[in-house]
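In what follows, a single structure is set out as structure tokens and then discussed.
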Amino acid sequence: MAKVVDISRIQDIPPGTMKGLKVEGKELLVANYQGTFYAIGKKCTHMGGDLSKGRFEGKVVTCPRHGAQFDVTNGNVIKGPAKKAATVYEVKVEGESIKVSL
């Protein structure tokens, strides 16, 4: 069974922004797309670039190293060179808290 962990407060990640977090040994990228929170793996699946240092436009995050793009809502690759989707984590909002299932 997945462990649910409190990772942030909603006001810390306003709409249109993202934040990199390390939670219980896992590196996550938490993004707020149109008021809904999503969490994917923070490292690019191409060569491990830090997605939290990339560009976030719409629902797409672009890796700063080689330009791979991922859809934060489902982890899918939008544009290579990455071929493997990012890991997706289930997110819940309870009151002011953002929680993720690990």
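The values are calculated or read from the model by the stated rules, or taken from the named source; none is laboratory data. It should be emphasised that the depicted structure is a prediction, and the values quoted were computed from it without experimental measurement. Glycine gets a Cβ as well: all are built from the backbone with ideal geometry, and neighbour counts include every protein chain shown.
Can you tell me which condition ARG55 does not meet? The list is (1) at pLDDT 95 or above; (2) closer than 22 Å to SER101 by Cα, and all the others hold. It is condition (2) that ARG55 fails. Considering ILE98, ILE78, the condition of being assigned to a strand (DSSP E or B), surrounded by 13 or more Cβ atoms within 10 Å (Cβ to Cβ) and more than 13 Å from the chain's Cα centre (by Cα) is satisfied by ILE78 alone. Quick check: anything in segment 50-62 more than 17 Å from ARG9 (Cα to Cα) and touching a Phe, Trp or Tyr at 6+ places or on another chain (Cβ under 6 Å)? Yes: segment 50-62 contains one or more residues that are more than 17 Å from ARG9 (Cα to Cα) and touching a Phe, Trp or Tyr at 6+ places or on another chain (Cβ under 6 Å). Out of THR45, THR87, one residue alone is of a type in the set (Val, Ile, Thr), within 14 Å of the chain's Cα centre (by Cα) and more than 19 Å from ALA2 (Cβ to Cβ). It is THR45. Filtering segment 81-95 to residues that are without any contact (Cβ under 8 Å) to a residue 60 or more places away in the chain, assigned to a loop (DSSP other than H, G, I, E, B) and more than 17 Å from PRO15 (Cα to Cα) leaves PRO81, ALA82, LYS83, LYS84, ALA85, ALA86, THR87. Inside segment 86-95, residues that are within 15 Å of VAL60 (Cα to Cα) and either exposed (fewer than 12 other Cβ atoms within 10 Å of the Cβ) or in contact with a Ser or Thr (Cβ under 7 Å, 6 or more places away or on another chain) (or both) make up a count of 1.
Where strands (runs of 3 or more DSSP E) sit wholly within segment 1-58, those with at least 1 residues that are over 23 Å from LYS83 (Cα atoms) and free of Cβ contacts under 8 Å to residues at least 40 places away in the same chain occupy 18-23, 26-33, 36-41. Among the residues in segment 41-49, are any more than 22 Å from PRO15 (Cβ to Cβ), at pLDDT 95 or above, crowded, with 17+ Cβ neighbours inside 10 Å and charged (D, E, K, R)? Checking segment 41-49: at least one residue is more than 22 Å from PRO15 (Cβ to Cβ), at pLDDT 95 or above, crowded, with 17+ Cβ neighbours inside 10 Å and charged (D, E, K, R).
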